[in-house]
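Novice: My structure is below; once you've seen it, I'll send some questions.
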């Protein structure tokens with residue numbers, strides 16, 4: 001993915017996601033990476049790679065059929081993005097569309113008018129995903145568990161909010177993870193109110209992820225996930241727990 005300028009996400013199995021996420025520019029690819037590869041050093045269960053997207057050019061629709069976020073349930077949650085900002089939103093919890101819209105605004109967006117995308121990630125703990133589906137509790141799991149079980153974005157502040165100036169290095173390979181800020185938090189010194197003070201992950205489960213692919217400068221596509229399965233040979237072992245899904 002470090003060779004790519006953007007990432008394209010497309011849902012399947014009824015998921016309507018169609019989203020392009022812009023990646024940060026690496027000035028020294030030999031020493032820098034856009035993605036932090038997390039083991040069990042941050043939270044349990046472990047397993048994800050994540051980055052802070054560039055807002056400009058991040059555009060499209062995120063759709064999740066069912067999800068619990070901070071004790072609130074959403075059916076057919078849809079978030080529309082333009083240049084990284086949430087521009088429209090809805091869910092189908094009730095027949096009343098105005099009530100549903102207010103529900104999303106108050107609970108997910110926390111009554112905040114200007115909310116941006118703060119993270120793009122791939123959860124890689126396919127064993128946890130298999131276990132959750134075996135016991136039928138995937139849709140009820142806290143998001144810190146569910147985020148490890150599929151590609152996800154977060155809305156709100158980036159992961160490194162208020163810590164952007166501290167260098168972070170990948171445990172695997174030692175490269176500096178440089179995607180720690182976006183166009184909003186880059187102005188934090190002159191605009192200390194650039195933060196919205198929340199960060200909420202929203203996962204697309206593997207069985208709803210039709211395509212997760214990087215797009216290089218010349219248009220070459222690097223497919224990471226297709227129809228709920230990892231494509232790169234070096235990631236093939238992750239499919240072991242997805243075969244019966």
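Novice: Identify, please: which residue in region 42-83 is part of a loop (DSSP other than H, G, I, E, B) and over 14 Å from the mean Cα position of the chain (by Cα) and is, among those, modelled with the highest pLDDT? First the steps, then the outcome.
Specialist: Going residue by residue through region 42-83, those that are part of a loop (DSSP other than H, G, I, E, B) are 42-47, 52-53, 70-71, 83.
Keeping just the survivors that are over 14 Å from the mean Cα position of the chain (by Cα) gives 42-46, 70-71, 83.
Details: 42: 62, 43: 64, 44: 68, 45: 72, 46: 82, 70: 89, 71: 90, 83: 99.
Filtering region 42-83 for residues that are part of a loop (DSSP other than H, G, I, E, B) and over 14 Å from the mean Cα position of the chain (by Cα), the one modelled with the highest pLDDT comes out as 83.
Novice: If residue 177 satisfies every condition in (1) closer than 29 Å to residue 78 by Cβ; (2) in contact with a strand residue (DSSP E or B) (Cβ under 6 Å, 6 or more places away or on another chain); (3) buried (at least 18 other Cβ atoms within 10 Å of the Cβ) but one, which is the exception?
Specialist: With (1) closer than 29 Å to residue 78 by Cβ; (2) in contact with a strand residue (DSSP E or B) (Cβ under 6 Å, 6 or more places away or on another chain); (3) buried (at least 18 other Cβ atoms within 10 Å of the Cβ) applied to residue 177, the lone miss is (1).
Novice: Okay, next question. Hey, can you tell me all the residues within region 168-220 that are part of a strand (DSSP E or B) and closer than 29 Å to residue 106 by Cα?
Specialist: Answer for region 168-220, where residues must be part of a strand (DSSP E or B) and closer than 29 Å to residue 106 by Cα: 199, 200, 201, 202, 203, 209.
Novice: Turning to a different aspect of this structure: Restricting to region 1-13, give me the number of residues that are under 11 Å from residue 211 (Cα atoms) and assigned to a loop (DSSP other than H, G, I, E, B).
Specialist: Taking region 1-13 first, the residues under 11 Å from residue 211 (Cα atoms) are 7-12.
Still in the running and assigned to a loop (DSSP other than H, G, I, E, B): 12.
Residues in region 1-13 being under 11 Å from residue 211 (Cα atoms) and assigned to a loop (DSSP other than H, G, I, E, B): 1 in total.
Novice: Continuing with this model, one more query. Scan 30, 16 and give me the residue that is at pLDDT 95 or above, assigned to a loop (DSSP other than H, G, I, E, B) and either out of contact with any strand residue (DSSP E or B) (no Cβ under 9 Å at 6 or more places or on another chain) or within 23 Å of residue 170 (Cβ to Cβ) (or both).
Specialist: Details: 16 fails: either out of contact with any strand residue (DSSP E or B) (no Cβ under 9 Å at 6 or more places or on another chain) or within 23 Å of residue 170 (Cβ to Cβ) (or both).
Answer to the selection: 30.
Novice: Would you pick out the residues in region 149-167 that are in a loop (DSSP other than H, G, I, E, B) and closer than 25 Å to residue 108 by Cβ?
Specialist: So in region 149-167, the residues in a loop (DSSP other than H, G, I, E, B) come out as 150, 157-167.
Scanning region 149-167 gives 150, 157, 158, 159, 160, 161, 162, 163, 164.
Residues checked against (1) surrounded by fewer than 21 Cβ atoms within 10 Å (Cβ to Cβ); (2) under 15 Å from residue 207 (Cβ atoms); (3) at pLDDT 95 or above:
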| position | (1), (2), (3) |
| --- | --- |
| 114 | yes, no, yes |
| 117 | no, no, yes |
| 121 | no, no, yes |
| 131 | yes, yes, no |
| 146 | no, yes, no |
| 155 | no, no, yes |
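The values are calculated or read from the model by the stated rules, or taken from the named source; none is laboratory data. In this text, all values refer to a predicted model and were calculated from it rather than measured experimentally. Cβ atoms come from the backbone with ideal geometry, glycine included; neighbour counts cover every protein chain shown.
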